[in-house]
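Taking it in order: structure first as C-alpha cells, then the write-up.
The values are calculated or read from the model by the stated rules, or taken from the named source; none is laboratory data. Because the structure is predicted, anything quoted here is derived from the model rather than measured. Cβ sites come from the backbone with ideal geometry, for glycine too, and all protein chains shown count toward neighbours.
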C-alpha cells in the first residue's frame, strides 16, 4: 500500500508539473508578473549622465560614483535634479554636489551648478 501511495504522489506531482508548464499562457503570465525589464532606467538617469559629463569637463577628473539626491519643484514648470558625485584626484577623493535646473516643457536645461 505504501508503494502505491508513493507512486501515486510522484505521478501526481509530475502530472501537475507538466500540466502547468505546458499550458501556453502559464509561463507568460508568471513572467509578466515577476520579470523586471533589465533595460529600464530610472527617470533621473538622463540627468545623472549629464551631471557626470559636465563635472568631468569642469574638474578634469574621473567620477568614481554618484548618488541621486532627489527632485524638487521650484516653479510650476521648473524642477531641479540633485546629485552627489565622488571624484578621484591624485591626493584624495572628494565630493561635488551638482544641481541641474530643468524646464519641464520642453525638457531643456536652465542651469547647472557645482558645489565642491
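Against the condition modelled with pLDDT of 95 or more and either part of a loop (DSSP other than H, G, I, E, B) or touching a helix residue (DSSP H, G or I) at 6+ places or on another chain (Cβ under 9 Å) (or both), how does residue 52 come out, does it pass? Against the criterion (modelled with pLDDT of 95 or more and either part of a loop (DSSP other than H, G, I, E, B) or touching a helix residue (DSSP H, G or I) at 6+ places or on another chain (Cβ under 9 Å) (or both)), residue 52 does not qualify.
Residue by residue, here is whether (1) at pLDDT 95 or above; (2) more than 23 Å from the chain's Cα centre (by Cα); (3) assigned by TED's automatic domain parsing to the domain that holds residue 49 holds:
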| position | (1), (2), (3) |
| --- | --- |
| 66 | no, no, yes |
| 76 | no, yes, yes |
| 80 | yes, no, yes |
| 84 | yes, no, yes |
| 88 | no, yes, yes |
| 91 | no, yes, yes |
| 96 | yes, no, yes |
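Within the set 84, 60, 53, the sole residue that is closer than 20 Å to residue 43 by Cβ and surrounded by fewer than 12 Cβ atoms within 10 Å (Cβ to Cβ) turns out to be 53.
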